[in-house]
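Read-outs throughout are calculated quantities, based only on the coordinates presented, and are distinct from any laboratory measurement. All of these numbers come straight from a predicted model, not from anything done at the bench. Cβ placement follows ideal geometry from the backbone for every residue including glycine, while neighbour counts extend to all protein chains displayed.
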Amino acid sequence: MRTIGLLYHPSRPESQALAEVLSRALSGACVQRFAADDDAPLRRAAPALDLLITLGGDGTIVRAVRSVAEAGTPVLGVNLGRLGFLAEVDPDDIAKIVPVLLQGEYAIEERMMLAVTMEREGRRLFETQAINDAVLARGAISRTVRVSVEVDGRHVMTPVADGVIVSTPTGSTAYCLAAGGPIIAPDLDCLAITPIAPHLGIVRSFVIPAHRRVCLTLVKGEGAMLTVDGQVDQPVSPGDVVCATMSERPARFVRLGGAGYYYESVLRRLGWADRPEVP
């Protein structure tokens with residue numbers, strides 16, 4: 001490890017304090033700090049970073065991943081949030097992980113991302129990447145929307161619902177799970193399509209190969225919104241088409257545990273009651 005970035009929240013004392021502790025502990029490397037409320041400096045610096053450590057919750061990690069995925073920078077999340085599905089370590093473990101990081105004794109896990117676009121009358125208005133999901137749903141107006149769902153140009157359904165989620169396996173434990181979708185192991189390459197509160201709907205969610213292209217066309221709905229990773233919003237008008245497929249760039253995460261870490265993490269984070277002995 002030669003150059004390590006620290007992404008922290010200037011307005012959160014615990015994040016600031018942890019950034020100070022890590023800066024001192026990582027004195028053997030070149031440490032650069034980045035404020036979580038400004039993506040631009042991190043995007044510019046990402047190609048030169050060997051590692052980015054985030055000090056916050058899952059939202060901080062998600063935002064960081066979108067900023068550095070193009071450069072291939074691996075991310076290590078230190079959990080200062082509530083659930084921490086994406087975080088690898090807790091603040092109390094910092095003293096133990098610093099020597100491991102400096103000696104390179106860790107694994108890199110790659111997870112698929114979404115390439116998301118929005119078009120209107122053949123013109124591309126918006127494009128980005130997502131680690132969790134792309135959601136076409138009703139906005140401030142509390143009315144259902146009608147969304148046509150196609151996979152590789154073939155019509156699948158047109159639910160009347162609050163919206164439709166296209167999720168990665170990583171995002172399966174986010175909005176997708178709350179909407180009744182499946183939990184998907186992160187080492188699978190696939191997409192989950194989940195209607196949100198469909199009216200008289202039978203299909204709750206279905207899973208397709210990641211190389212397929214999912215297109216959502218807003219047929220009817222006032223004030224609809226495309227939301228990416230719960231953080232980026234784009235207004236959608238009837239006739240607009242939102243498409244999502246597997247991105248050419250994966251997200252890269254530093255992992256310090258064994259191969260079964262994910263299942264233990266889900267068990268712990270969701271509080272499933274069948275294994276109370278899990279710490």
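For the chain, what is the charge dipole size about the Cα centre, in debye to the nearest 20, if Lys and Arg each add +1 at the Cβ and Asp and Glu each add -1 at the Cβ? Provide the component values of the computation, followed by the final result.
On the way: 28 positive and 32 negative charges, 93 e Å.
Roughly 440 debye, rounded to the nearest 20.
If I model a spin label at GLU20 and PHE206 as a point 7 Å from the Cα along the Cα→Cβ vector, what separation in nanometres do I get?
Placing both labels 7 Å beyond Cα along the Cβ direction yields 5.6 nm.
Which residue fluctuates the most in the chain, going by a Gaussian network model with Cα springs under 10 Å, if the choices are VAL149, VAL100, VAL236?
Greatest mean-square fluctuation among the candidates belongs to VAL100.
With a Förster radius of 30 Å, plug the Cβ-Cβ distance of SER27 and TYR263 into 1/(1 + (r/R0)^6) and report the FRET value to the nearest 0.05.
E(calc), rounded to 0.05, equals 0.25.
Evaluated at 20 °C with a viscosity of 1.002 mPa s, what Stokes-Einstein diffusion coefficient in µm²/s does the stretch 91-227 have when Rh comes from the Kirkwood expression over alpha-carbon pairs?
On the way: Rh = 16.4 Å.
Estimated via Stokes-Einstein, D reaches 131 µm²/s.
Please give the length that would be gained between ARG44 and HIS199 if that part of the chain were fully extended, namely 0.36 nm times their separation in residues minus their C-alpha to C-alpha distance (nm, one decimal).
On the way: separation 155, 0.36 × 155 = 55.80 nm, distance 4.52 nm.
Fully extending the segment from ARG44 to HIS199 adds 51.3 nm.
Over all directions, what mean area does the Cα convex hull of the stretch 1-120 project, stated in square nanometres?
Details: hull surface 32.6 nm².
Spelled out: convex hull of the Cα atoms, projected over all directions, averaged, 8.1 nm².
Over the stretch 114-246, what is the mean sequence separation of C-alpha contacts under 8 Å (at least six apart), divided by residue count, expressed as relative contact order in percent?
Values: 356 pairs, mean separation 41.6, N = 133.
Reported relative contact order: 31 percent.
If you wrap the chain's Cα atoms in a convex hull and average its projection over all directions, what's the area in nm²? Write out the running numbers ahead of the final one.
On the way: hull surface 62.0 nm².
With every direction weighted equally, the projected area is 15.5 nm².
Nearest 500 deg cm²/dmol is fine: what mean residue ellipticity at 222 nm does the chain get from its DSSP H runs of n ≥ 4 alone, each adding -39,500 (n - 2.57), divided by its residue count?
On the way: 6 runs with 55 residues, N = 279.
Rounded to the nearest 500, it is -5500 deg cm²/dmol.
Calculate how many DSSP beta bridges within the chain are antiparallel, expressed in % of all such bridges and rounded to the nearest 5. Don't jump to the answer; show the numbers that get you there.
Numbers: 56 of 73 bridges.
Antiparallel bridges make up about 75 percent of those DSSP assigns within the chain.
If packing is taken as the mean number of other Cβ atoms within 10 Å per residue, what is the order of 204-212, 121-129, 181-189, 66-74, highest first?
On the way: 204-212: 14.7, 121-129: 12.6, 181-189: 16.4, 66-74: 19.9.
Output ranking for 204-212, 121-129, 181-189, 66-74: 66-74, 181-189, 204-212, 121-129.
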